[in-house]
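The values are calculated or read from the model by the stated rules, or taken from the named source; none is laboratory data. In this text the structure is predicted, and so the values were computed from the model without any measurement. Note that we place each Cβ from the backbone using ideal geometry, even for glycine, and neighbour counts take in every protein chain shown. Protein only, heavy atoms only, side chains kept; ligands, DNA and RNA dropped before computing areas. Shrake-Rupley method; radii C 1.70, N 1.55, O 1.52, S 1.80 Å.
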Amino acid sequence: MTLTSKPERSRLDPDPIPRRDWLGLSSLWAMAGALVFALLGLLKLPKAAVLASPSKKFKITLPETLPVGEAYVPPGRSVAVYKGADGIYAVSTICTHLGCVVKPNPEGFECPCHGSRFLPDGAVSRGPAPQPLPWLKVSISGGALTIDEGATVPPGTKVQA
Amino acid sequence: MTPAPVTNDALREFVQNLKAVPRRVYETTFRGGPPTTDRTRSTFVFGNVFLHLHSVRTHRRSLRWTTTLGLGLMSLAAFLLTLITGVMLMFYYKPFPEAAYDSIKDIHFVVPTGRLIRNIHRWAANVMVVTVILHMARAFYTAAYRKPREYNWLIGMGLLVVTLGLSFTGYLLPWDQLAYWAITIGANIAQSPREVTDALGITENFDPGGLQRLLLLGSDTVGAEALIRFYLLHVMILPLALAALMAVHFWRIRKDGGIVRPAGADARLAKTRQDYTYPVFTEAPNKTYHLAAIVRGKTSAVGRGPENTVPSMPHLFYAELGVLMFTFLVCIALALVSDAPLKELANPSVPENPAKAPWYFLGLQEMVSFSAFMGGIGIPTIVLLGLALIPYLDRETEGTGEWFGGPGGWPLVRLSAVIGLCAPLLIETFAIRFGWLREWFPNIPQLVVTLINPATILTTVYALYSIWCVKRYQSARAGALGLFTCFLCGFLVLTIIGTYFRGPNWVFYWSPSDWPEH
């Protein structure tokens with residue numbers, strides 16, 4: 001391969017792209033690029049960085065008379081708390097299908113919106129729910145229970161009173 | 001300089017001008033004069049910013065009520081009603097969870113005419129959904145989506161989506177039980193891609209569902225942030241989008257040559273009465289007769305408008321006015337006899353049972369009761385894609401502008417309706433009677449249920465049937481006729497099942513009177 005050196009171009013010859021056109025086009029594309037990047041940045045606006053939701057941790061005391069195997073639903077919370085023979089546990093009552101609140105009954109849970117059914121341990125027995133109801137983290141200090149709706153534990157995790 | 005001699009001329013002229021003000025205001029407002037000649041009828045149209053989207057002359061066939069049934073205009077009329085009543089409702093509505101419910105109650109019970117305004121708003125929104133769907137069916141069955149109208153079909157689909165979005169976002173605003181649980185379900189449908197990402201175990205790294213829900217709600221729970229977002233969408237973003245799309249939609253009708261008509265329309269119309277048409281060579285004052293003067297006898301256009309057209313003023317505008325008034329009448333009559341519902345205040349710990357979406361989403365709700373992702377996102381996306389592709393796959397010309405035109409025609413539509421109605425009935429009967437995969441195999445992987453459920457089977461049956469139509473009639477139009485008819489029938493059947501036959505816990509009941517007490 002031989003390198004052919006280009007003949008030196010006279011300053012009087014016209015540029016391949018006239019300088020003004022080049023400047024104009026490059027500034028135009030620079031502006032377009034800047035706009036695109038600015039828009040991409042602005043798209044972050046509707047994605048909330050801080051979620052203004054109430055605390056997911058709350059304290060309750062179980063009623064003394066709660067029978068074994070019967071659900072206790074703290075007022076205003078979507079959690080069912082059970083007192084078993086071998087400990088206390090809490091199951092979320094938010095349906096894993098589309099977020100309706102399921103109702104505890106002796107056979108488990110039933111969802112009013114699309115008919116999902118769950119066994120007492122949260123496993124799906126029928127209907128469209130894709131996941132079992134999660135078990136929530138329970139901790140005991142003194143006589144009070146602290147339940148964290150934001151923290152799940154493996155099903156079967158029970159806490160001794 | 002000597003001052004001008006004092007006379008009363010200027011003053012007299014001033015008084016004369018003052019007296020002439022009402023007449024001149026009238027003359028400058030209605031510049032063209034009364035629309036009694038072809039020329040002034042034309043000026044009436046293109047001299048008016050609101051009317052000039054119309055052409056000056058309208059084809060006679062476009063004016064027959066069987067051509068379009070006036071459905072597009074009815075949608076516009078319903079939209080105008082919702083726009084006017086919506087702005088009126090904004091005087092009193094407060095988009096905060098603590099105040100929203102009470103403000104709707106105030107509007108309903110305290111605000112003068114508030115109840116009627118709210119009822120009209122609600123009914124016009126419902127009428128708009130109906131007419132938009134029927135308008136799409138009209139455009140489809142008359143093959144109006146074909147070249148050069150493909151792009152306008154896409155714009156129309158955008159309008160359908162925005163219309164449904166407006167209805168849905170409006171549903172949340174009263175902040176009652178119905179609203180709260182509808183938005184909870186809606187936001188979780190947005191999150192439902194997690195059904196797939198969870199099953200694949202990639203949610204931690206790739207979570208489009210969670211992002212969609214976060215963007216919609218502005219939080220991880222349904223609260224003030226969600227309400228203000230839905231309010232913003234309902235009163236600002238979506239109406240602006242709708243207005244922009246409507247402008248393009250109407251403008252494209254003009255640019256694409258007006259309402260679609262069959263190739264032989266003019267020949268067929270020529271046989272009918274001529275006296276509807278206004279001749280062009282009449283008393284139009286500035287019309288020159290140069291050509292006519294050197295030709296013996298009448299030119300071919302004498303006594304007949306060109307291309308079988310008549311002046312838009314009055315023919316088209318009176319027809320449009322009739323459709324507008326009819327729609328207003330229907331909406332207001334419905335608003336007078338039936339109140340918009342308002343349930344109890346939203347209660348985040350107890351859902352309505354059954355919690356039902358607005359009627360036009362109950363078909364979707366029936367499908368999400370099998371799989372959230374497929375019913376709520378997967379199948380709607382497939383349907384929208386299928387509808388969008390129709391004009392690009394059907395490149396034929398036979399039957400354009402004819403009702404049920406194309407190979408197969410009405411008999412094919414009839415057969416498709418039978419199949420379209422029977423297929424969902426059979427599949428639903430089976431699923432209601434025998435249950436579905438999860439009841440038989442409790443440990444079945446979620447992906448199998450997502451892929452194989454009554455809704456996906458129904459979609460597959462429809463798709464296979466329409467491919468059979470393509471083969472049987474050797475025509476993409478026949479396939480489209482089959483698919484679209486099936487789509488309408490499936491929508492109808494699922495909506496009716498969801499509306500009338502689903503009770504508490506989404507269990508099948510023959511009648512609401514069989515519902516258990518709860």
The residue that is surrounded by the most Cβ atoms within 10 Å (Cβ to Cβ), considering only those in the range B:351-397 that are β-branched (Val, Ile, Thr) and within 14 Å of chain A (Cβ to nearest Cβ), is B:VAL368
B:ARG252 passes all but one of the listed conditions (1) of a type in the set (D, E, K, R); (2) farther than 29 Å from B:TRP175 by Cα; (3) within 14 Å of another protein chain (Cβ to nearest Cβ); the exception is number (3)
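Yes/no matrix, rows are residues, columns are (1) over 24 Å from the mean Cα position of the chain (by Cα); (2) more than 9 Å from chain B (Cβ to nearest Cβ):
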| site | (1), (2) |
| --- | --- |
| A:ALA80 | no, yes |
| A:GLY87 | yes, yes |
| A:ALA123 | no, no |
| A:SER141 | yes, yes |
| A:THR157 | no, yes |
Checked the range B:445-487 for anything at pLDDT below 90 and farther than 23 Å from B:GLN365 by Cβ; matches are B:PRO445
Scanning the range B:425-465 residue by residue, those open to solvent by less than 30 Å² (accessible area, probe 1.4 Å) and in contact with a Phe, Trp or Tyr (Cβ under 9 Å, 6 or more places away or on another chain) turn out to be B:GLU428, B:ALA431, B:VAL449, B:THR450, B:ASN453, B:PRO454, B:ALA455, B:THR456, B:TYR462
Of the residues in the range B:206-220, those that are within 7 Å of chain A (Cβ to nearest Cβ), surrounded by 18 or more Cβ atoms within 10 Å (Cβ to Cβ) and either among the hydrophobic types (A, V, I, L, M, F, W, C) or touching a Pro at 6+ places or on another chain (Cβ under 9 Å) (or both) number 2
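Output the residues belonging to the range B:342-377 that are of a type in the set (S, T, N, Q), modelled with pLDDT of 85 or more and assigned to a loop (DSSP other than H, G, I, E, B). Before the answer, list the steps.
Step one: filter the range B:342-377 for residues of a type in the set (S, T, N, Q), giving B:347, B:349, B:353, B:365, B:369, B:371.
Filter once more, keeping what is modelled with pLDDT of 85 or more: B:347, B:365, B:369, B:371.
Matches in the range B:342-377: B:ASN347, B:SER369, B:SER371.
Take the residues in the range B:488-507 that are within 14 Å of chain A (Cβ to nearest Cβ) and closer than 15 Å to B:VAL368 by Cα; name whichever of them is most open to solvent (accessible area, probe 1.4 Å). I'd like the intermediate steps shown before the answer.
Taking the range B:488-507 and keeping what is within 14 Å of chain A (Cβ to nearest Cβ), we get B:494, B:497-498, B:501-507.
Okay, now just the ones that are also closer than 15 Å to B:VAL368 by Cα, so B:494, B:497-498, B:502, B:505-507.
Details: B:LEU494: 14, B:ILE497: 15, B:GLY498: 0, B:ARG502: 19, B:ASN505: 22, B:TRP506: 12, B:VAL507: 49 Å².
Applying the filter and picking the extreme gives B:VAL507.
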Of (1) small (Gly, Ala, Ser); (2) surrounded by fewer than 18 Cβ atoms within 10 Å (Cβ to Cβ); (3) farther than 29 Å from B:HIS121 by Cβ; (4) modelled with pLDDT of 75 or more, B:ALA333 fails just (3)
Of the residues in the range B:1-56, those that are exposed (fewer than 10 other Cβ atoms within 10 Å of the Cβ) and touching a Leu at 6+ places or on another chain (Cβ under 9 Å) come to none
| query | Just wondering, is there one or more residues in the range A:4-27 that are open to solvent by less than 60 Å² (accessible area, probe 1.4 Å), within 12 Å of chain B (Cβ to nearest Cβ) and either under 32 Å from the mean Cα position of the chain (by Cα) or over 16 Å from A:VAL138 (Cβ atoms) (or both)? | reply | no
Selection over the range A:43-69 where residues are more than 10 Å from every other protein chain (Cβ to nearest Cβ) and either surrounded by 14 or more Cβ atoms within 10 Å (Cβ to Cβ) or within 19 Å of B:PRO348 (Cβ to Cβ) (or both) yields a count of 6
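Yes or no, residue by residue, for (1) open to solvent by 20 Å² or more (accessible area, probe 1.4 Å); (2) without any contact (Cβ under 8 Å) to a residue 60 or more places away in the chain:
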residue	(1), (2)
B:THR58	no, no
B:LEU76	yes, no
B:ILE84	yes, yes
B:VAL87	yes, yes
B:PHE91	yes, yes
B:ALA99	yes, yes
B:ASP106	yes, yes
B:PHE109	yes, yes
B:PRO112	yes, yes
Taking the range B:177-198 and the residues there that are open to solvent by less than 20 Å² (accessible area, probe 1.4 Å) and of a type in the set (Ser, Thr, Tyr), the one that is nearest to the other protein chains (Cβ to nearest Cβ) would be B:THR184
Note on the range B:1-50: residues in contact with a helix residue (DSSP H, G or I) (Cβ under 6 Å, 6 or more places away or on another chain) and within 28 Å of B:ALA247 (Cβ to Cβ) are B:GLY32, B:PRO35, B:ARG41, B:PHE44, B:VAL45
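Quick grid of which residues meet (1) hydroxyl-bearing (Ser, Thr, Tyr); (2) under 30 Å from B:THR66 (Cα atoms); (3) more than 14 Å from chain A (Cβ to nearest Cβ); (4) not in a loop (DSSP other than H, G, I, E, B):
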residue	(1), (2), (3), (4)
B:PHE404	no, yes, yes, no
B:LEU412	no, yes, yes, yes
B:VAL418	no, yes, yes, yes
B:ALA423	no, no, yes, yes
B:GLU428	no, no, no, yes
B:VAL448	no, no, no, yes
B:THR456	yes, no, no, yes
B:THR459	yes, no, yes, yes
Across the range B:236-268, the tally of residues that are more than 13 Å from B:ARG146 (Cα to Cα) and of a type in the set (Asp, Glu) stands at 1
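Matching residues to (1) over 25 Å from B:VAL323 (Cα atoms); (2) in contact with a strand residue (DSSP E or B) (Cβ under 8 Å, 6 or more places away or on another chain); (3) aromatic (Phe, Trp, Tyr):
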position: B:SER75; (1), (2), (3): no, no, no
position: B:LEU81; (1), (2), (3): no, no, no
position: B:VAL87; (1), (2), (3): no, no, no
position: B:LYS94; (1), (2), (3): yes, no, no
position: B:ALA100; (1), (2), (3): yes, no, no
position: B:ILE104; (1), (2), (3): yes, yes, no
position: B:VAL110; (1), (2), (3): yes, no, no
position: B:LEU116; (1), (2), (3): no, no, no
position: B:ASN119; (1), (2), (3): no, no, no
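Are there any strands (runs of 3 or more DSSP E) wholly within the range A:44-142 with 2 or more residues that are modelled with pLDDT of 85 or more and among the charged types (D, E, K, R), and if so which?
On the way: elements: A:57-60, A:79-84, A:87-92, A:103-105, A:108-110, A:124-126, A:135-141.
The qualifying strands (runs of 3 or more DSSP E) are A:57-60.
Out of the helices (runs of 4 or more DSSP H) lying entirely within the range B:8-111, which hold 2 or more residues that are under 23 Å from the mean Cα position of the chain (by Cα) and over 27 Å from B:PRO239 (Cβ atoms)? It would help to see each step written out before you state the result.
Working: elements: B:9-29, B:38-46, B:60-63, B:65-68, B:71-89, B:97-109.
Fully inside the range B:8-111 and qualifying: B:60-63, B:65-68.
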Would it be correct to say that B:LEU245 is open to solvent by 40 Å² or more (accessible area, probe 1.4 Å) and closer than 21 Å to B:ALA144 by Cα?
yes
